[in-house]
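Note sheet for the following structure.
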Amino acid sequence: MKEIRDIQRLFELHRGGPFALATLVRTRGSSYRRPGARMLICADGAAAGSLSGGCLEEEVARRALEVMRDGAPLLMNFDTRLRFGCNGSIDIFVEAVREDFLAELAANFSERRSCRLATVFDGTGGLGTRFVGRDTEIQGAAFVQEIEPAIRLLIFGEGPDSVPLRAFAEILGWEIVEVDVPAELPNHADARTAAIVKSHNYGRDFAALCQLLKLDLPYVGLLGPRKRRDQLLNAVLNEGIAIAAEVFAPAGLDLGAETPEELALALVSEIQAKFAGGSAESLRERKAPIHGWNVVRQPAPAPIEACPISAP
C-alpha cells in the first residue's frame, strides 16, 4: 500500500488546494498495473502514485487539470497495443476529489484501519469514489477495493543485514518498528504485521519468540539453522505456549543469498510474497496470468476492440 502512503503524504503537503484522483478501474488483456492503481494530482501538477509503467501518467495528469477546473469526471481509455508495452486496454477514471475524503482516507491509513472504496465510473448518476460498507448496494459500473494498512515490520535484533532490511522496507512503504525489549513486541502486532527475530543470542531470541508465537501473526521469521530453530521452538512449547503464528525458519527465499544485502532481499521477498499471496515462483514458469484479481466488484471486461489512445 505504498501508493496510498504516497498519496497521503502529497495530500498533507497540499492541503487547501484542489485535487484530482485517477483510478485504474478496468483492464482488458495484459496491463502493467491491475485495477485499483491510483494517482493523486494537484493543481500545480505534483502527483503521487502510478497507473502504468510510466507511459500514461503525463497524459492523465494533463487531463486531470481540466477535471479540476470544470469538475466533470472523465473516463479515459488507453489501447496499450498501439504505442505502449502491454497487449491490452485499460480504463482510467479521473475525478475531482474533496479534501474531506482524502483526510478520512489518510486518517484510516495512519491509524491502521481497513476501509472499502467504491469508484463508480459509469451509470446514470453518483459517479466518483466513496467509502462504502460491505453490504452497500452500488448502482452502475464500479470498482470496489479494500484498502488495508501498510505492512508493519517488527525487527528484533541488530546485525549487518539491518541497514539493507530497513532500506528495502522503506522503499516498499512498510512501517518499520525496531524493538529491543521482547515484552514490547505484542504492542505493535496486528493482522498486517510481520516480525523478524535475529538477535543472534539464544536467550534473547527465545524471549522474543515466547511473545510473538502466541500471537496470530501471518509471518514470524527466525534467522539461523534448522537445528537452532528446533531447539528454540521446542523450548517455547515446553513453556506451555501454543504456537499460533506462522513461522518461517530459516527465514527468507532461496536466492543464493550470502551478503547482508542479499539476505535482506531474501527476507523482504518472502514477506512480500506471503502478504500478497504470491507463489514466489519464476514468472517464466507461471501458466496463469501474472496479476491475480483483488477486485471485489467489477463488470466483466469486454473483448478488446479498436479504440483511441485516450478519449474525453
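The values are calculated or read from the model by the stated rules, or taken from the named source; none is laboratory data. This structure is a prediction, so every number in the text was calculated from the model and none was measured. A quick note on method: Cβ atoms are made from the backbone with ideal geometry, for glycine too, and the neighbour counts reach across all protein chains shown.
Condition check ((1) among the small types (Gly, Ala, Ser); (2) farther than 30 Å from Ala208 by Cβ; (3) in contact with a His (Cβ under 8 Å, 6 or more places away or on another chain)) across all residues:
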site: Gly123; (1), (2), (3): yes, yes, no
site: Leu127; (1), (2), (3): no, yes, no
site: Ile138; (1), (2), (3): no, yes, no
site: Val144; (1), (2), (3): no, yes, no
site: Glu148; (1), (2), (3): no, no, no
site: Leu154; (1), (2), (3): no, no, yes
site: Glu158; (1), (2), (3): no, no, no
site: Pro164; (1), (2), (3): no, no, no
### Message
Checking the condition touching a Ser or Thr at 6+ places or on another chain (Cβ under 6 Å) and either among the aliphatic types (A, V, I, L, M) or outside the structural domain of Glu246 (by TED's automatic domain parsing) (or both), which residue from Leu102, Leu172, Leu117 passes?
### Response
Leu117
#### Entry: Residue among Asp122, Asp135 that alone is surrounded by 14 or more Cβ atoms within 10 Å (Cβ to Cβ), of a type in the set (D, E, K, R), over 23 Å from the mean Cα position of the chain (by Cα) and assigned by TED's automatic domain parsing to the domain that holds Phe78
Asp122
### Query
modelled with pLDDT of 85 or more and in a loop (DSSP other than H, G, I, E, B), is that true of Leu51?
yes
### Task
Return a yes/no flag: does segment 19-30 have any residue that is closer than 21 Å to Gly173 by Cα, among the aromatic types (Phe, Trp, Tyr) and in contact (Cβ under 8 Å) with a residue 40 or more places away in the chain.
no
### Message
Looking at segment 32-75 only, could you name the residues that are touching a Ser or Thr at 6+ places or on another chain (Cβ under 7 Å) and small (Gly, Ala, Ser)?
### Response
Ala37
### Query
Is there a residue in segment 230-244 that is free of Cβ contacts under 8 Å to residues at least 40 places away in the same chain and under 25 Å from the mean Cα position of the chain (by Cα)?
yes
### Message
Take the residues in segment 35-73 that are touching a residue at least 60 places away in the same chain (Cβ under 8 Å) and over 11 Å from Thr23 (Cα atoms); name whichever of them is surrounded by the fewest Cβ atoms within 10 Å (Cβ to Cβ).
### Response
Glu59
### Task
Test Leu21 against the stated conditions and say whether it is in contact with a strand residue (DSSP E or B) (Cβ under 6 Å, 6 or more places away or on another chain) and assigned to a helix (DSSP H, G or I).
no
### Query
Has segment 153-162 got at least one residue that is surrounded by fewer than 19 Cβ atoms within 10 Å (Cβ to Cβ), more than 30 Å from His200 (Cα to Cα) and of a type outside the set (Lys, Arg)?
no
### Summary
Checked pairs for segment 98-114, first touching a residue at least 24 places away in the same chain (Cβ under 8 Å) and under 19 Å from Ala22 (Cβ atoms), second part of a loop (DSSP other than H, G, I, E, B) and among the charged types (D, E, K, R), C-beta under 8 Å and 6 or more apart or across chains, list as Glu99/Arg15
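Residue by residue, here is whether (1) polar (S, T, N, Q); (2) in contact with a Phe, Trp or Tyr (Cβ under 6 Å, 6 or more places away or on another chain); (3) part of a helix (DSSP H, G or I) holds:
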{"position": "Thr27", "(1), (2), (3)": "yes, no, no"}
{"position": "Tyr32", "(1), (2), (3)": "no, no, no"}
{"position": "Val60", "(1), (2), (3)": "no, no, yes"}
{"position": "Glu66", "(1), (2), (3)": "no, no, yes"}
{"position": "Glu104", "(1), (2), (3)": "no, no, yes"}
{"position": "Phe109", "(1), (2), (3)": "no, no, yes"}
{"position": "Arg112", "(1), (2), (3)": "no, no, no"}
{"position": "Thr119", "(1), (2), (3)": "yes, yes, no"}
### Task
Within segment 138-152, track down each residue that is more than 20 Å from the chain's Cα centre (by Cα), surrounded by fewer than 18 Cβ atoms within 10 Å (Cβ to Cβ) and not polar (S, T, N, Q).
Ile138, Gly140
### Task
Looking at (1) in contact with a Phe, Trp or Tyr (Cβ under 6 Å, 6 or more places away or on another chain); (2) assigned to a loop (DSSP other than H, G, I, E, B); (3) of a type outside the set (Ser, Thr, Tyr); (4) buried (at least 19 other Cβ atoms within 10 Å of the Cβ), find the lone condition where Gln8 falls short.
(2)
